[in-house]
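Everything on this sheet refers to the single structure shown next.
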Amino acid sequence: MDQQIELDRFDQGYVHIYTGNGKGKTTAAFGLALRATGAGYRVFVGQFIKSERYSEIEVLERLIPEVECRQFGRGCWLRGAPSQEDIQLAQQAMEAIRQVMSEGTYRVIILDELVTALYFKLVQLDQVLELLAIKPTNVELVLTGRYAPDQLIEAADLVTEMREVKHYYQQGVLARKGIEC
């Protein structure tokens, strides 16, 4: 019986949230993707808001075919109110992710910047909570982005907050290829 309990705990997938105003949320999620593929798992990454060819996307496509990455955005940042196109792209992403979950192909699903998309009202909280509810039991689901609301934090199994203490962008250093993008 104890061996069965341990096996069940091992096979159980959990919900992670990487949030906060500090650097490293996407990096942590991609680190988990690397670890998961090393264990033989397939990984799906859905990026909300983003559409640029970041270095992490380039390396995944070149070296790690077990990771599928789709971008559902038209930029990198939202400034001001989102456009109707931003909202439509996020809604298309939600539909694609529901489909990915129903297929059962991936052991790890990373939804990069979904929490930020929620903050900007590209998606609604009830839609995100529905994803958590329909998540297959063996799937590890990772959500990243700033501004995680309390209700989402309560629904998650693991929450890590990246807190900015000091950052060189405050001295005017922009995102650097291979380091931030």
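Each value in this text was obtained by applying a stated rule to the coordinates, not by laboratory testing. The structure displayed is predicted, hence computed values, not measured ones. Don't worry about glycine lacking a Cβ; one is built from the backbone with ideal geometry, like all the others, and counts go over all protein chains shown.
What does the extension gain come out to for residue 168 and residue 103, with contour length at 0.36 nm per residue minus their alpha carbon separation?
19.1 nm
Quick one: putting +1 on the C-beta of Lys and Arg, -1 on the C-beta of Asp and Glu, what dipole do you get for the stretch 7-171 around its Cα centre, in Debye to the nearest 20?
Working: 18 positive and 22 negative charges, 95 e Å.
I would put it at about 460 debye.
Counting other beta carbons within 10 Å of each residue's own, what order do 11, 112, 157, 86 fall into, fewest first?
11, 157, 86, 112
Would you mind computing, in nm to one decimal, how far apart the modelled labels at residue 155 and residue 34 are, each placed 7 Å from Cα along Cα→Cβ?
3.0 nm
In bins 5 Å wide, starting from 0, what share of all Cα pairs of the stretch 51-181 does each bin hold, as a percent?
Result returned by the calculation: 2, 8, 17, 20, 21, 18, 10, 3, 1, 0.
Starting from the exponent 0.38 and prefactor 2.2 Å, build the expected Rg for the stretch 123-181 from its residue count and divide its actual Cα Rg by it.
So the Cα radius of gyration is 1.52 times the expected 2.2 N^0.38 Å.
Using helices alone, what [θ] at 222 nm do you get for the chain, with -39,500 (n - 2.57) per DSSP H run of 4 or more residues, divided over all residues and rounded to the nearest 500?
Result for the chain, helices only: -12500 deg cm²/dmol.
For the stretch 67-118, what is the largest minus smallest coordinate of the Cα atoms on each principal axis, given in angstrom and ordered from greatest to least?
So the three principal-axis extents are 37, 16, 16 Å.
Give me the extension gain from residue 137 to residue 179: residue separation times 0.36 nm, minus the current Cα-Cα distance, reported in nm with one decimal.
Difference between extended and current length: 11.7 nm.
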